[in-house]
Amino acid sequence: MNSIRRDARSFDYTLLVLVVALAFFGLLIIGSATGLGNGNVSPVFINQLIFLVTGLGIMMFMAFVNYEFISKFYIPIYVVNIALLVIVLFMPDTRGVARWIGMEIGGFEFGIQPSEFTKIFMIVVLAKIIDKYRDKINNPLVLLVIFAMTALPVVLINMQLSFSASIVSLVIMLAMLYAGKISYKYVAIVAVVIVPALLFFYIDLHAENPILIDNILTPWQQSRIWYFLYPEYGDGAGIWQNERAIMAMSSGLLTGRGLFNNQIHVPEATNDFILSIIGAEFGFIGSVAVLLVALLIVLRCLMIAHRSEVFLGKLIATGVAVTIAFQAFTHVAINAWLLPNTGMNFPFVSSGGSSLWVFMAMIGLVLNVGMTREYSMFEDMGTKER
């Protein structure tokens with residue numbers, strides 16, 4: 001009989017340093033984008049600082065908590081996730097959308113974004129289900145349950161007009177099913193379905209009377225895709241964000257203008273387009289350096305997943321790695337205008353307290369996985385005899 005134990009000597013300090021360095025660099029860039037160089041300490045900067053400090057505490061807590069025990073409550077975790085996503089639909093709109101549950105504590109406005117917490121909730125929930133039914137992972141009924149449990153939060157998130165967050169949830173599911181050794185016949189089926197679906201989506205987008213697209217995307221979401229495909233028809237507002245981001249990034253040339261010296265206003269500079277500020281102030285070299293740090297974080301997570309002797313931990317670490325990689329890649333592609341603007345933040349760097357807490361918690365879980373190993377009953381007996 002095997003038991004699971006933690007060995008603190010296996011704590012991955014390299015991963016910890018990489019994450020902390022990237023997060024504090026992100027705080028510095030947020031400060032730059034909000035006028036810190038001119039002595040303006042903005043609420044956005046203060047908010048990010050608070051969430052960063054508390055996020056470090058969350059990360060260390062998750063690094064040493066018993067995640068196997070927590071995963072046993074995957075059903076209550078899933079219910080809480082759904083409840084939060086439903087509650088947010090009844091919250092007041094912020095900038096035309098309802099995505100936050102807000103409150104005020106001691107004069108400080110505090111808000112959480114449930115769609116961000118869905119990422120870590122679904123990683124834990126799906127990891128437990130796949131681990132529990134690992135010998136039946138190719139059973140159609142098991143796969144149907146996994147698809148259904150993923151579809152519900154995806155629909156609720158999409159109702160909040162957060163298309164990018166809903167896509168992340170789907171990517172997490174697909175990646176973890178792959179790590180769970182799903183049969184390649186299902187992979188082939190998905191590929192066969194996706195290609196015609198994308199073709200139909202393209203045709204429906206151009207149709208005078210769309211069949212499906214009006215039911216899944218709002219007019220402004222459709223316009224973002226349309227202006228991405230045909231920027232020459234942009235009305236100014238539809239492509240303005242992307243144009244400003246490209247201008248800012250290109251203004252930095254190779255080495256950048258220097259910290260606090262971006263000269264071009266970029267909308268949503270602290271979040272969706274923070275890479276453009278990095279490009280303006282640190283140039284191509286600085287941007288590549290940030291991407292390399294993000295890549296190293298992903299590789300460390302994958303290495304821990306590969307080495308893990310605990311299947312549940314392997315799944316969790318894989319889910320975290322894929323989430324970070326997908327969001328970072330998508331953020332870069334949007335800033336470079338290689339994808340339509342879907343509002344994807346850069347992990348650890350972009351502003352957003354909920355996002356930072358979630359990614360810190362994710363890294364804590366990965367550090368936890370890196371310290372766990374299985375001990376057999378016979379190994380324990382041998383240790384006692386010595």
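The values are calculated or read from the model by the stated rules, or taken from the named source; none is laboratory data. Here the structure is a predicted model, which is why all the values come from computation and not from measurement. All Cβ positions, glycine included, derive from the backbone under ideal geometry; neighbour counts span all protein chains shown.
Here are the numbers for the structure shown:
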item	result
Selection from the range 170-206 of residues that are surrounded by 13 or more Cβ atoms within 10 Å (Cβ to Cβ), of a type in the set (Gly, Ala, Ser) and outside any helix (DSSP H, G or I)	GLY180
Any hit, the range 136-150, residues being surrounded by fewer than 18 Cβ atoms within 10 Å (Cβ to Cβ), not acidic (Asp, Glu) and not in a helix (DSSP H, G or I)	yes
Residue check, GLU281 touching a helix residue (DSSP H, G or I) at 6+ places or on another chain (Cβ under 7 Å) and charged (D, E, K, R)	yes
Positions within the range 183-229 being of a type in the set (Gly, Ala, Ser) and either in contact (Cβ under 8 Å) with a residue 12 or more places away in the chain or on the phi > 0 side of the Ramachandran plot (or both), in sequence order	SER183, SER223
Restricting the range 55-89 to residues that are farther than 18 Å from LEU156 by Cβ and β-branched (Val, Ile, Thr), the residue that is nearest to the chain's Cα centre (by Cα)	ILE58
Filtered residues of the range 3-37 (kept if over 18 Å from ALA361 (Cα atoms), modelled with pLDDT of 90 or more and not in a helix (DSSP H, G or I))	THR34
Subset of the range 151-169 (residues that are among the polar types (S, T, N, Q), at pLDDT below 90 and assigned to a helix (DSSP H, G or I))	ASN158, SER164, SER166
Residue within the range 97-119 that is under 28 Å from ARG373 (Cβ atoms), surrounded by 12 or more Cβ atoms within 10 Å (Cβ to Cβ), modelled with pLDDT of 90 or more and not polar (S, T, N, Q) present	yes
Flag if PHE61 is under 21 Å from VAL320 (Cα atoms), assigned to a helix (DSSP H, G or I) and free of Cβ contacts under 8 Å to residues at least 24 places away in the same chain	no
Those residues of the range 106-135 which are assigned to a helix (DSSP H, G or I) and small (Gly, Ala, Ser), in sequence order	SER115, ALA127
Filter pass, ILE225 being out of contact with any strand residue (DSSP E or B) (no Cβ under 7 Å at 6 or more places or on another chain), surrounded by fewer than 12 Cβ atoms within 10 Å (Cβ to Cβ) and β-branched (Val, Ile, Thr)	no
THR54 surrounded by fewer than 22 Cβ atoms within 10 Å (Cβ to Cβ), over 30 Å from ALA188 (Cβ atoms) and modelled with pLDDT of 95 or more	yes
Of the criteria (1) under 29 Å from ASP7 (Cβ atoms); (2) of a type outside the set (D, E, K, R); (3) surrounded by fewer than 20 Cβ atoms within 10 Å (Cβ to Cβ), which one ILE297 fails	(3)
Elements of type helices (runs of 4 or more DSSP H) in the range 264-382, at least 2 residues being of a type in the set (Val, Ile, Thr) and either at pLDDT below 90 or under 19 Å from GLY252 (Cβ atoms) (or both)	274-307, 311-335
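Results for (1) surrounded by fewer than 24 Cβ atoms within 10 Å (Cβ to Cβ); (2) under 30 Å from ALA127 (Cβ atoms), shown as yes or no for each residue.
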residue: ARG244; (1), (2): yes, no
residue: GLY252; (1), (2): no, no
residue: GLY256; (1), (2): yes, no
residue: HIS265; (1), (2): yes, no
residue: GLU268; (1), (2): yes, no
residue: ASN271; (1), (2): yes, yes
residue: SER276; (1), (2): no, no
residue: GLU281; (1), (2): no, no
